[in-house]
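Since the structure comes first, as structure tokens, the remarks are kept for the end.
The values are calculated or read from the model by the stated rules, or taken from the named source; none is laboratory data. None of the values given here were measured: they were computed from a predicted structure. Backbone-built Cβ (ideal geometry, glycine too); neighbour counts: all protein chains shown. Surface accessibility is based on the protein's heavy atoms, side chains included, excluding ligands, DNA and RNA. Shrake-Rupley method; radii C 1.70, N 1.55, O 1.52, S 1.80 Å.
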Amino acid sequence: MEILEALDARHGEAGVPFKTLEAAAGSRLPFQALKDALNALVAANAVVRVSEKPARLRITAAGRAQLDGYR
């Protein structure tokens, strides 16, 4: 979520493209782990899909609150 939050300001309402997230997280998570983590965050309403094709995601208010709780 920290990566998504950092990129969110740059992409705004359009959402962060999955490929951008993948590139930013590449050194931390393999593709499948990133995909699984994002799907879990979507299921928990911490992240919302802005569009499916191309995949774009945004962090939600609930996600920001959850992230703040971790910090």
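Here the accessible area of segment 1-69 is 56 percent carbon and sulfur, with a 1.4 angstrom probe and all protein chains present. If contacts are Cα pairs under 8 angstrom and at least 6 residues apart, what is the relative contact order of segment 1-69 in percent? Computed value for segment 1-69: 37 percent relative contact order. Among 61, 32, 48, whose Cα sits farthest toward the positive end of the charge dipole of the chain (+1 at Cβ of Lys/Arg, -1 at Cβ of Asp/Glu, about the Cα centre)? The one lying farthest along the dipole's positive direction is 32. For the chain, a crude dipole built from +1 on the beta carbon of Lys and Arg and -1 on the beta carbon of Asp and Glu, taken about the Cα centre, is about 120 debye to the nearest 20. For residue 57, the residues whose modelled amide H falls within less than 5 Å of its own, excluding neighbours fewer than 5 places apart on the same chain, are 16, 18, 50. Rolling a 1.4 Å probe over the protein heavy atoms gives the chain an accessible area of 62 Å² per residue.
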